[in-house]
Amino acid sequence: ELNSFASVHAFCDELKEYQLGKPLDRLICNAGVYQPSLPHAKWSVDGHEQTMQINFLSHFLMISRLIDDMKEAPDPRVIMVGSVTGNDNTVGGGGVYPIADLKQLDGFKAGFENPVAMADGYGFIGAKAYKDSKLCLMMMSNFLHSKFNKSHGITFSSIYPGCIAETPLFREKRAWFRKYFPIFMKYITGGFVGVEEAGQRLFQVAHDPRCSKSGVYWSWNGGPREGRGAAALEKGGQISGGGGAGGGWDSIYVNDQSDKVNNLELCVELFQTATKITDAQWPSAKTFTSPCPTLKVISAVSTNMIAREELKRMDVSVA
């Protein structure tokens, strides 16, 4: 239950017992809620806005608990399911209000507890809470790549599988929207993707050797195919495409991310504030040390001397 940090901790503890000593090799952060019609915020068990906790903060906490174990696995991968709505360099993300924008993270810096309902510290909008949570996931994928990819050997990536327009995700939308939105996405924008195909795309990023690249955002290319008959299926592909978001198995590519996603300074602040909110305990990210025997001998001899000289320099600076 991602609505509770205690439940996340309990899950991680139970998972370790279930593993029987075998390391975890895949972690897919896919759970999400979308509540655009809420007139006011709902609060989690821990007193945080529900959408952000379920979609981002609890995933963040879970990763902190599991990545030290994952480094022992061959080809470990952590995959964040993002959204076009969190990437404002697209029509879907930058042309439809409200826009994902964390601003200066004032809400997170203030502790993000009731009554603070938004990461930016301003008024609550249900759709924006969802978009902001997806922006957070994509930013954090990039940050964790920078911090832990070399030290832990883990691949961190985010994906947009396409617009899965026929799922309960849109259950709070009006009836006319639920009826016509899939048609619009399938035949007008070409961004529609079915549930099975979206699952196949997620499977691809989790297991395709081409997707072992870390610090990237995966998407698929191609024209509208799904629902157009056998003649429209991509020759030799293992997945039928779904429009502008779509294409087959071989049409996967590294997509561009917005300036907001790539804001390194804000990524650091997001990591720091989310760590404080969740009380996450992250492992140290030690870099690789050369096995050179000469370096080991010199280090053993010179360590104390270097420490003494550095203390002298510091004393002089203070004086």
Item to check | Residue selected from region 45-76 under the condition touching a helix residue (DSSP H, G or I) at 6+ places or on another chain (Cβ under 7 Å) and open to solvent by 50 Å² or more (accessible area, probe 1.4 Å), by the criterion nearest to SER158 (Cα to Cα) | outcome: ASP75
Next on the checklist: Between a residue in region 242-258 that is modelled with pLDDT of 75 or more and any residue that is open to solvent by less than 50 Å² (accessible area, probe 1.4 Å) and among the hydrophobic types (A, V, I, L, M, F, W, C), which pairs come within a Cβ distance under 7 Å, given they are 6 or more apart or on different chains?
Outcome noted: SER251/TRP220; ILE252/TRP218; ILE252/TRP220; VAL254/VAL216; VAL254/TRP218; ASN255/TRP218; GLN257/MET138
Next on the checklist: Can you find a residue that is aromatic (Phe, Trp, Tyr), open to solvent by 10 Å² or more (accessible area, probe 1.4 Å) and modelled with pLDDT of 95 or more anywhere in region 113-132?
Outcome noted: yes
Checklist entry - Which one of these is modelled with pLDDT of 95 or more, closer than 25 Å to ARG201 by Cα and more than 15 Å from the chain's Cα centre (by Cα): ASP88, ASP75? => result ASP75
Checklist entry - Any residue in region 268-275 that is under 22 Å from THR90 (Cα atoms), of a type in the set (Gly, Ala, Ser) and at pLDDT 80 or above? => result no
Item to check | Cross-chain or 6+ apart pairs with Cβ under 9 Å, region 135-154 first and more than 20 Å from GLY94 (Cβ to Cβ), then assigned to a helix (DSSP H, G or I) and open to solvent by 40 Å² or more (accessible area, probe 1.4 Å) | outcome: PHE143/LEU264; PHE143/VAL268; SER146/LEU264; HIS152/ASP68; ILE154/HIS145
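The values are calculated or read from the model by the stated rules, or taken from the named source; none is laboratory data. All values derive from a computational prediction rather than experimental measurement. Note that we place each Cβ from the backbone using ideal geometry, even for glycine, and neighbour counts take in every protein chain shown. Protein only, heavy atoms only, side chains kept; ligands, DNA and RNA dropped before computing areas. Shrake-Rupley method; radii C 1.70, N 1.55, O 1.52, S 1.80 Å.
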